Amino acid sequence: MHRNLRVLLNCIIIYLALFLLKRMTTKEYRGRYAIIARMLGTINESGIEGISKTSIMYKSFLSYAQLKEYLSFLLEKGLIDKFPQQTEASGNEKSLYKITEKGLRLLQISLEIEGLIGAG
């Protein structure tokens, strides 16, 4: 693994652990990493078919503005991929999203952290 990626993943692990510990003691809004983990979980659950923006938004409990921001971030960081699909009925193009190997690694790390500290 590249050194920069390892450093980034270690920072994310520490941040997630601190966030989840804080979450156990207070009821606050979801933080950035909790939203990212939820989105990655939702996209992963869609399987090989992929998932639409609308489904991600509803299943991850996001506003449209949040959805746009986080999808852009996840795509930029290589955690998900976007696949254009032609719809038969209208002929319009619709995109489906799938999790990448890098995204799966981050999701697994976040699930391990939740398991270790008992958050859920």
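What follows is calculated from the coordinates using simple rules that are stated; it is not laboratory data. Because the structure is a prediction, the values reported are computed rather than measured. Glycine gets a Cβ as well: all are built from the backbone with ideal geometry, and neighbour counts include every protein chain shown.
Odds and ends about this structure:
- Take the chain and mark each of the GluC sites (Glu not before Pro) that is in a DSSP loop with at most 10 other Cβ atoms within 10 Å; the longest unmarked stretch, sites excluded, is 29-87.
- For the chain, calculated [θ]222 nm from helices alone, where every DSSP H run of n ≥ 4 adds -39500 (n - 2.57): -20000 deg cm²/dmol
- Take the Cα of K68, step 7 Å toward its Cβ, do the same at K102, and the gap between the two points is 2.4 nm.
- Put simply, the C-alpha atoms of region 54-104 give a gyration tensor, and the ellipsoid matching it has half-axes of 20, 15, 9 Å, longest first.
- Per-residue ³J(HN,Hα) for region 55-71, Karplus 6.51 cos²θ - 1.76 cosθ + 1.60, θ = phi - 60°, Hz, x for Gly and Pro: 5, 4, 4, 6, 6, 9, 6, 10, 7, 5, 4, 5, 4, 4, 4, 6, 4
- For K94, the amide hydrogen comes within under 5 Å of the amide hydrogens of Q85, Q86, T87, counting only partners 5 or more places away or on other chains and with H modelled in the peptide plane.
- Candidate values (1) 18.0, 70; (2) 15.4, 50; (3) 16.6, 51, label of the one derived for Rg and Dmax of the Cα atoms in Å: (2)
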